[in-house]
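Take a look at the structure set out below.
The values are calculated or read from the model by the stated rules, or taken from the named source; none is laboratory data. Just so we're clear, the structure is a prediction, and the values are computed from it rather than from any experiment. Cβ placement follows ideal geometry from the backbone for every residue including glycine, while neighbour counts extend to all protein chains displayed.
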Amino acid sequence: MQDGSCPVSHRGKTGKMLHGFLFRRMEVSREDMYVNSGYLFNSRVPFKEKKMALRILSAGTYQLYTWPRLPTWRPKGRVDWQLIYVAAGEGHFVLDGREVIVPAGNMVLYQPKQEQRYFFLGKDSSQYWFVHFTGRMVKSILKQYEIPLDGYILHTGISYEYEDLFRKMRDELVECSWGYEEMLTWLFRELLLIMNRRMNEDVKKVSGFIQDEMNLAKKYFMDHYNEDVNIEQYAASRNMSTSWFGKNFAAAAGMSPKQYILDLRIRNAQILLETTDGTVSEIARIVGYDNPMYFSRLFRKAKGLSPLNYRKVYLERYQQESEEKA
């Protein structure tokens with residue numbers, strides 16, 4: 001059934017019946033392994049989509065604790081595509097006839113009809129996420145996001161954003177909310193976009209855990225820039241020393257945390273000067289300064305003009321440009 005519905009599966013004592021196929025249930029305790037997956041139409045049978053540009057068929061995760069070995073072997077591959085993200089531990093993949101150990105922070109891309117042979121070991125505390133997808137425009141979409149198609153392994157780094165997107169795709173497949181298939185394609189495209197960014201980062205600059213932490217810091221500063229942000233307290237809250245945090249933030253953002261917050265305040269003050277008639281005192285308070293004179297000195301140092309002169313110059317330029325376009 002491929003009509004966009006999300007049927008409820010029927011269970012029996014011996015297993016699960018899905019569209020005529022019987023699947024035995026693995027008796028696995030939560031101490032052995034964690035499994036959580038979602039499938040389009042509740043079907044584990046892959047198919048090749050010939051009309052739609054992109055369609056997500058399944059997504060989910062496996063995490064091994066004491067389960068010794070989790071193998072997969074599809075000698076003739078599948079008719080769809082598969083992307084596997086090694087989030088923890090490592091995976092053992094047989095690629096072009098030789099075994100390759102793929103550590104956490106990498107993804108493996110399988111194209112249709114490529115042999116899929118890999119396994120994960122419990123002793124490595126391995127976890128991986130996967131997504132199966134198909135569609136008549138898959139190659140073009142992957143090329144659009146500069147995803148290489150001439151190999152298997154993609155060096156994407158470790159990121160909580162990946163897991164979040166895989167989890168969201170899985171949940172969409174399970175919950176089948178209105179418009180879930182469209183949402184799945186957007187989530188998958190977002191995944192490709194983030195992969196592209198991470199693969200093109202300067203790995204000597206920052207990577208993995210550090211990049212994630214600095215992204216969280218930047219988000220926190222953006223949300224709280226107009227408050228009394230204490231950088232030392234923030235670093236301590238993330239179990240980092242102030243000097244370590246400052247050094248790595250500067251490597252990731254190109255400036256110190258203090259300068260980053262200042263830039264946010266000045267940039268938003270500019271917007272308020274351009275789009276409102278608020279006084280300098282009011283704008284200073286909105287962006288986080290109780291002392292308007294101190295704010296004015298910082299603004300002049302950053303922009304070369306006082307706040308009032310900046311507003312005057314902006315309005316004159318805006319009026320001139322409007323008259324020229326009229």
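Here is a list: Q111, Q116, Q127. Which entry is within 22 Å of S37 (Cα to Cα) and free of Cβ contacts under 8 Å to residues at least 40 places away in the same chain? Before the answer, list the steps.
Numbers: Q116 fails: free of Cβ contacts under 8 Å to residues at least 40 places away in the same chain; Q127 fails: free of Cβ contacts under 8 Å to residues at least 40 places away in the same chain.
The unique qualifying residue is Q111.
Would you point out which residue out of M183, M107, M137, M169 is closer than 15 Å to R198 by Cα and at pLDDT 95 or above?
That would be M107, the only listed residue that is closer than 15 Å to R198 by Cα and at pLDDT 95 or above.
What pairs come up if the first residue lies in the stretch 246-259 and is more than 15 Å from E213 (Cα to Cα), the second is modelled with pLDDT of 85 or more and in a helix (DSSP H, G or I), and their beta carbons are under 8 Å apart, counting only those six or more places apart or on different chains?
Every condition considered, the pairs that remain are M255/D263; K258/I231.
For the stretch 307-326, which residues satisfy the criterion of being among the charged types (D, E, K, R) and either surrounded by 10 or more Cβ atoms within 10 Å (Cβ to Cβ) or at pLDDT 80 or above (or both)? Quick ask: steps written out before the conclusion?
Filtering the stretch 307-326 for residues among the charged types (D, E, K, R) gives 311-312, 316-317, 321, 323-325.
R311, K312, E316, R317, E321, listed by residue number.
Against the definition (assigned to a helix (DSSP H, G or I) and either buried (at least 17 other Cβ atoms within 10 Å of the Cβ) or in contact with a helix residue (DSSP H, G or I) (Cβ under 6 Å, 6 or more places away or on another chain) (or both)), how does I266 come out, yes or no?
So I266 passes the test.
In the stretch 275-297, which residues are among the aliphatic types (A, V, I, L, M), over 19 Å from M222 (Cα atoms) and surrounded by 17 or more Cβ atoms within 10 Å (Cβ to Cβ)? Spell out the reasoning first.
Here is the first cut: in the stretch 275-297, the ones among the aliphatic types (A, V, I, L, M) are 280, 283-284, 286-287, 293.
Narrowing further to those that are over 19 Å from M222 (Cα atoms): 280, 293.
If the condition is that a residue be among the aliphatic types (A, V, I, L, M), over 19 Å from M222 (Cα atoms) and surrounded by 17 or more Cβ atoms within 10 Å (Cβ to Cβ), then V280 is the only one that fits.
Mind counting the residues in the stretch 152-178 that are farther than 29 Å from W67 by Cβ and in contact (Cβ under 8 Å) with a residue 24 or more places away in the chain?
Taking the stretch 152-178 first, the residues farther than 29 Å from W67 by Cβ are 176-178.
Within this subset, residues satisfying the condition of being in contact (Cβ under 8 Å) with a residue 24 or more places away in the chain are 176.
Qualifying residue count, the stretch 152-178: 1.
Conditions tested, residue by residue: (1) at pLDDT 90 or above; (2) in contact with a Lys or Arg (Cβ under 7 Å, 6 or more places away or on another chain); (3) acidic (D, E).
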| residue | (1), (2), (3) |
| --- | --- |
| C176 | yes, no, no |
| M199 | no, no, no |
| Y220 | yes, no, no |
| V229 | yes, no, no |
| A236 | yes, no, no |
| T242 | yes, no, no |
| A251 | no, yes, no |
| A269 | yes, no, no |
| S281 | yes, no, no |
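Would you tally the residues in the stretch 167-185 being within 16 Å of T134 (Cα to Cα) and either exposed (fewer than 15 other Cβ atoms within 10 Å of the Cβ) or under 11 Å from the mean Cα position of the chain (by Cα) (or both)?
Total satisfying the criteria: 1.
Give me the residue from the stretch 43-59 that is modelled with pLDDT of 95 or more and in contact with a Phe, Trp or Tyr (Cβ under 8 Å, 6 or more places away or on another chain) and, out of that set, surrounded by the most Cβ atoms within 10 Å (Cβ to Cβ).
Ranking the qualifying residues of the stretch 43-59, first place goes to A59.
Do you know which residues across the stretch 55-101 are hydrophobic (A, V, I, L, M, F, W, C) and under 15 Å from Q111 (Cβ atoms)?
L57, V79, W81, L83, I84, F93, L95
Give the residues of the stretch 232-245 that are under 24 Å from the mean Cα position of the chain (by Cα) and assigned to a helix (DSSP H, G or I), sorted by residue number.
Y234, A235, S237, F245
Could you please find all residues in the stretch 80-95 being assigned to a strand (DSSP E or B) and either touching a helix residue (DSSP H, G or I) at 6+ places or on another chain (Cβ under 7 Å) or farther than 20 Å from I147 by Cα (or both)?
Listed by number, the residues that qualify are W81, Y85, A87, A88, E90, G91, H92, V94.
Name the residues in the stretch 50-79 that are part of a loop (DSSP other than H, G, I, E, B) and out of contact with any Asp or Glu (no Cβ under 8 Å at 6 or more places or on another chain), would you?
Residues satisfying the conditions are K50, K51, M52, A53, L54, P68, R78, V79.
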